[in-house]
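Below is one structure, written out as structure tokens; comments come after it.
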Amino acid sequence: LDGLIYKYEAGSIRFKVWLDDHGIFNGSDENAAKAAGHDVRSSLEYAKCHVEGLTVPLEATIDVAGFRVLAVAKLPLVVTTFNESGDVRKSKEEFVHGTNNRGESVLNMNRSLDSKLADCAAKLNLARHGVKGEKDLNSKYLYASVDLRGFRGGGGGGGGGGNSGGGDFYLLNFWRAMPPEDPDQTAHLPRAPRGHTMFWRMLRPELV
């Protein structure tokens with residue numbers, strides 16, 4: 001249980017119950033369920049890009065008792081380093097792309113991952129764009145959604161995990177990977193306060 005979000009893990013699969021406990025989806029669990037469906041659809045589109053060194057987890061949605069659960073295969077995100085005697089020195093996740101604090105800050109710290117995401121963007125017809133977190137001084141320019149989280153794994157290559165690090169990379173959080181519909185251009189659809197339809201009305205990949 002992470003705050004008001006129900007998350008579980010079993011058999012190397014992570015399960016998340018998609019509810020609107022935070023108000024993003026205008027108080028509608030149905031809209032939250034739609035966003036979970038976008039996560040699966042967009043993860044498949046990234047997987048079909050077949051970019052070497054870029055891993056996308058298998059995903060599925062499970063609808064049960066009126067709730068939608070997103071099941072995501074667990075990825076080896078933890079990078080472990082050892083000392084000369086073979087003992088574990090430290091273990092950590094190397095988060096290098098996107099935001100993991102609800103937009104307070106935005107990262108784009110790895111040139112190799114940025115290049116791989118540029119390859120995906122070319123295939124998916126996504127544009128590079130600037131994003132600035134609430135606490136950032138300058139905008140970061142990304143080829144993918146700011147909510148798409150990128151991690152550097154321990155698959156070798158690269159130096160130090162900085163701007164030029166190589167190796168394998170892992171992606172998570174695809175629910176906003178496709179651009180949203182512009183509420184001002186879809187006047188025939190019901191509007192939501194503060195234009196929040198941008199969180200659950202995403203363009204289908206074939207339209208992008």
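Points to keep in mind about this one:
- Residue that is least open to solvent (accessible area, probe 1.4 Å) [pool: residues in region 1-49 that are among the hydroxyl-bearing types (Ser, Thr, Tyr) and more than 17 Å from Arg149 (Cβ to Cβ)]: Ser28
- Unmet requirement for Glu52, which otherwise passes all of (1) closer than 26 Å to Leu207 by Cβ; (2) open to solvent by 50 Å² or more (accessible area, probe 1.4 Å): (1)
- Of all the residues in region 93-129, those that are β-branched (Val, Ile, Thr) and in contact with a Ser or Thr (Cβ under 7 Å, 6 or more places away or on another chain) number 2.
- Selection of region 168-188 for residues being assigned to a strand (DSSP E or B) and open to solvent by 20 Å² or more (accessible area, probe 1.4 Å) yields Tyr170, Leu172, Pro180.
- Which numbered condition Arg128 misses (of (1) out of contact with any helix residue (DSSP H, G or I) (no Cβ under 8 Å at 6 or more places or on another chain); (2) charged (D, E, K, R); (3) closer than 28 Å to His50 by Cβ; (4) without any contact (Cβ under 8 Å) to a residue 40 or more places away in the chain): (1)
- Residues located in region 137-152, provided they are among the small types (Gly, Ala, Ser) and open to solvent by less than 30 Å² (accessible area, probe 1.4 Å): Ala144, Ser145, Gly150
- All of (1) within 20 Å of Arg149 (Cα to Cα); (2) not in a loop (DSSP other than H, G, I, E, B) hold for Ser105 with one exception: (2).
- Filtered by the rule that a residue be at pLDDT below 95 and open to solvent by less than 40 Å² (accessible area, probe 1.4 Å), region 91-109 gives Glu94, Gly103.
- Lone qualifier among Leu113, Leu19, Leu75 - being of a type in the set (A, V, I, L, M), out of contact with any helix residue (DSSP H, G or I) (no Cβ under 6 Å at 6 or more places or on another chain) and part of a loop (DSSP other than H, G, I, E, B): Leu75
- Selection within region 181-206 - farther than 22 Å from Val146 by Cα and hydroxyl-bearing (Ser, Thr, Tyr): Thr186
- Residues of region 173-200 that are free of Cβ contacts under 8 Å to residues at least 60 places away in the same chain and under 17 Å from the mean Cα position of the chain (by Cα): Pro179, Pro180, Met198.
- Entry remark, region 62-90: residues being of a type in the set (Val, Ile, Thr), surrounded by 10 or more Cβ atoms within 10 Å (Cβ to Cβ) and modelled with pLDDT of 90 or more number 3 in total.
The values are calculated or read from the model by the stated rules, or taken from the named source; none is laboratory data. In this text, all values refer to a predicted model and were calculated from it rather than measured experimentally. All Cβ positions, even for glycine, are placed from backbone atoms using ideal geometry, and neighbour counts span all protein chains on display. Side chains included, ligands, DNA and RNA excluded: accessible areas come from the protein's heavy atoms. Shrake-Rupley method; radii C 1.70, N 1.55, O 1.52, S 1.80 Å.
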